[in-house]
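**Q** Structure below; questions to follow.
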Amino acid sequence: MPSLAIQGMQWGDEGKGKITDYFASHADLVVRTQGGNNAGHSIEHQGKRYALRLLPSGVFQPHVVNVIADGVVVNPAALLEEMDLLESEGISSFHLLLSSRASILMPYHIALDAAREQALGNAKIGTTGRGIGPCYEDRASRVGLRLGDLLVESYLKERLSEALAIKNRELAAFGAKTYTVEELLAWLEPARKRLSSYIIDTSEYLSHALEEGKKVLFEGAQGAMLCLTHGTYPYVTSSSPLCTAIPLNAGLPLTAVNHAIGITKVYCTRVGAGPFPSEIEGELAQKIRDAGHEYGTVTKRPRRIGWLDIPELRYVHRITGVKDSALMLLDVLGSVDEIRLCTGYTLHGKAIDTMPSTIPEVSEIVPTYLSMPSWKGDISHCKTYEELPLEARNYIEKVEELSGLSFVIISVGADRDATIVRKDIF
Ligand code: IMP
């Protein structure tokens, strides 16, 4: 398959970093298509753990061209900081291309994100606080700046003045600090100097690369249930993490994405507010949280924990068409005595088998569970499917049968080689 998309199947943090890194070594290009530095991918490289936020995961592979495509929102200061950090660790020979159509995330977006969350009080979304929503709002309301604007100084100044005429009113209404054109131009100067040479029409570049038969990996950020349109709105991010949005976000035809692999964690997590049908609390949740190191890569917030949710997976399978999947963190469930699997929901006394479309409905569903015994113990040494304990195989096969997914990769530990590959798909 010349191109492959990575699809988070839940609420993000499914372990996409490890699988992306695995496929990145087989790719010629690794492409980010949406989101910004709200994402956090943890990657092990030469015994060290790195948290990438904006840079695509191919930066550790010197042969890979890394592309930040049209649908991304880029905080240039955060990008430069990430590049400097890698450089200080001796990782400096990566190839990077930035889309001239990608949005620039400005300091006032971060201020507005904080002001809005505060104004919402108890109804707050629990955003990552990185300014993602306000930046996408500006894109939609056509007052956003784009990376391509950095290339012509006079145009940049003009666009910034137009934007500030609106943004300063909003900031003032929230009692937040307003900005002058000069101070923001000064803030953008390091980006103009250091990033301009990377900025091109990446849509055109990617079209040619695909025509030449290059292998392209479309790296996912966030998860399907955080999709602006199809997730648990309004408790979602402001872009679409669905693989079906990739052609639009990269400026490519529908046929550009040949295949997608879903990344499914053996339990669910979510950070921030919003309904979470199979949520568990208390001691058991803490046990899983600790065993799975479930603390935010970006914000360090403890993640909420829930059992694997089959109707949720079926829903994402239906709207994305994703069938092949990687099952992540299987080893973590070896730390509990009994595993529960949410197999269905009851809504107002009626059984339903998909995620409802409105918050009042999602808040009222009652999950039904199937109980399964755990294998109780370490499985990180298992190299083949057959080596897994019978209880683990029974669990995997039950999930496959109920969800419609097919687990082609099973991750049994954080290390690169703690991975069972059942089918080669890239
Ligand atoms: P925002 O993307 O910062 O606006 O946050 C909106 C919602 O998406 C919040 O619930 C965040 O916790 C969640 N979110 C955003 N990015 C990620 C991610 O990479 N992993 C998990 N949750 C995320």
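**Q** Which of the residues that make up region 32-51 are among the polar types (S, T, N, Q) and within 10 Å of the ligand (Cβ to nearest atom)? So that I can check it myself, show each step before the final result.
**A** Filtering region 32-51 for residues among the polar types (S, T, N, Q) gives 33-34, 37-38, 42, 46.
Once the filter is applied, which keeps residues that are among the polar types (S, T, N, Q) and within 10 Å of the ligand (Cβ to nearest atom), region 32-51 yields Asn37, Asn38.
**Q** For Tyr198, state whether it is within 16 Å of the ligand (Cβ to nearest atom), open to solvent by 10 Å² or more (accessible area, probe 1.4 Å) and either of a type in the set (Phe, Trp, Tyr) or modelled with pLDDT under 95 (or both).
**A** On the way: within 16 Å of the ligand (Cβ to nearest atom): no; open to solvent by 10 Å² or more (accessible area, probe 1.4 Å): yes; either of a type in the set (Phe, Trp, Tyr) or modelled with pLDDT under 95 (or both): yes.
No, not satisfied.
**Q** Could you tell me which residue of region 207-255 is most open to solvent (accessible area, probe 1.4 Å), considering only residues that are on the phi > 0 side of the Ramachandran plot and over 15 Å from the mean Cα position of the chain (by Cα)? Lay out the reasoning, then the answer.
**A** Pass one, region 207-255, residues on the phi > 0 side of the Ramachandran plot: 213, 222, 251.
So of that shortlist, the ones also over 15 Å from the mean Cα position of the chain (by Cα) come out as 213, 251.
Working: Gly213: 49, Gly251: 34 Å².
In this case the residue turns out to be Gly213.
**Q** Is it the case that region 266-286 has a residue that's open to solvent by 10 Å² or more (accessible area, probe 1.4 Å), closer than 18 Å to Thr20 by Cβ and within 16 Å of the ligand (Cβ to nearest atom)?
**A** Narrowing region 266-286 to residues open to solvent by 10 Å² or more (accessible area, probe 1.4 Å): 271-277, 279-284, 286.
Then drop every residue that is not closer than 18 Å to Thr20 by Cβ, which leaves none.
Within region 266-286 (the criterion being open to solvent by 10 Å² or more (accessible area, probe 1.4 Å), closer than 18 Å to Thr20 by Cβ and within 16 Å of the ligand (Cβ to nearest atom)), the answer is no, since none of the residues qualifies.
**Q** List, please: which pairs have Cβ atoms under 8 Å, are six or more places apart or on different chains, and start with a residue in region 291-318 that is closer than 19 Å to Gly262 by Cα and of a type in the set (Val, Ile, Thr) and end with one that is open to solvent by less than 10 Å² (accessible area, probe 1.4 Å) and within 12 Å of the ligand (Cβ to nearest atom)?
**A** Val316/Gln10; Val316/Ala224; Val316/Met225
**Q** Check whether at least one residue in region 18-31 is within 11 Å of the ligand (Cβ to nearest atom) and on the phi < 0 side of the Ramachandran plot, and report yes or no. It would help to see each step written out before you state the result.
**A** Of all residues in region 18-31, those within 11 Å of the ligand (Cβ to nearest atom) come to none.
No, there is no match, as no residue in region 18-31 is within 11 Å of the ligand (Cβ to nearest atom) and on the phi < 0 side of the Ramachandran plot.
**Q** Let me ask you something else. Of these, Gly121, Gly175, which one is surrounded by fewer than 17 Cβ atoms within 10 Å (Cβ to Cβ), among the small types (Gly, Ala, Ser) and in a helix (DSSP H, G or I)?
**A** Working: Gly175 fails: in a helix (DSSP H, G or I).
From the options Gly121, Gly175, the qualifying one is Gly121.
**Q** Considering only residues that are under 17 Å from Asp424 (Cα atoms), in a loop (DSSP other than H, G, I, E, B) and in contact (Cβ under 8 Å) with a residue 60 or more places away in the chain, which ones fall in region 12-27?
**A** Once the filter is applied, which keeps residues that are under 17 Å from Asp424 (Cα atoms), in a loop (DSSP other than H, G, I, E, B) and in contact (Cβ under 8 Å) with a residue 60 or more places away in the chain, region 12-27 yields His26, Ala27.
**Q** Any residue at all in region 47-56 that is among the small types (Gly, Ala, Ser) and either assigned to a loop (DSSP other than H, G, I, E, B) or without any contact (Cβ under 8 Å) to a residue 12 or more places away in the chain (or both)? Before you say what the answer is, go through the steps one by one.
**A** As a first pass, look at region 47-56 and keep what is among the small types (Gly, Ala, Ser): 47, 51.
Checking the rest, the ones that are also either assigned to a loop (DSSP other than H, G, I, E, B) or without any contact (Cβ under 8 Å) to a residue 12 or more places away in the chain (or both) come to 47.
Within region 47-56 (the criterion being among the small types (Gly, Ala, Ser) and either assigned to a loop (DSSP other than H, G, I, E, B) or without any contact (Cβ under 8 Å) to a residue 12 or more places away in the chain (or both)), the answer is yes, since at least one residue qualifies.
**Q** Show the residue pairs that are 6+ apart or on different chains and have beta-carbon atoms under 7 Å apart, the first residue being within region 122-143 and away from the ligand (no atom under 14 Å from the Cβ), the second being open to solvent by 50 Å² or more (accessible area, probe 1.4 Å) and acidic (Asp, Glu).
**A** Filtered contacts from region 122-143: Val143/Glu162.
**Q** Still on this model: If I filter region 127-141 for residues that are of a type in the set (Val, Ile, Thr), in a loop (DSSP other than H, G, I, E, B) and open to solvent by 30 Å² or more (accessible area, probe 1.4 Å), do I get at least one hit?
**A** Pass one, region 127-141, residues of a type in the set (Val, Ile, Thr): 127-128, 132.
Okay, now just the ones that are also in a loop (DSSP other than H, G, I, E, B), so 127-128.
Next cut, open to solvent by 30 Å² or more (accessible area, probe 1.4 Å) only: 127-128.
Yes, the conditions are met somewhere in region 127-141.
**Q** Name the single residue, out of those in region 329-342 being open to solvent by less than 40 Å² (accessible area, probe 1.4 Å) and of a type outside the set (A, V, I, L, M), that is farthest from His293 (Cα to Cα).
**A** Restricting to residues being open to solvent by less than 40 Å² (accessible area, probe 1.4 Å) and of a type outside the set (A, V, I, L, M), the top hit is Cys342.
**Q** Applying the selection to region 212-248, what residues are of a type in the set (S, T, N, Q), within 10 Å of the ligand (Cβ to nearest atom) and touching a helix residue (DSSP H, G or I) at 6+ places or on another chain (Cβ under 8 Å)?
**A** Residues of region 212-248 of a type in the set (S, T, N, Q): 222, 229, 232, 237-240, 244.
From what is left, the residues that are within 10 Å of the ligand (Cβ to nearest atom) are 222, 232, 237-239.
Across region 212-248, the qualifying residues are Thr232, Thr237, Ser238, Ser239.
The values are calculated or read from the model by the stated rules, or taken from the named source; none is laboratory data. A quick note: this is a predicted structure, and the numbers were derived from the prediction, not measured. Heads up, the Cβs are rebuilt from the backbone with ideal geometry, glycines too, and the neighbour counts pull from every protein chain shown. Heads up: the accessible areas ignore ligands, DNA and RNA and are worked out on the full protein's heavy atoms, side chains in. Shrake-Rupley method; radii C 1.70, N 1.55, O 1.52, S 1.80 Å.
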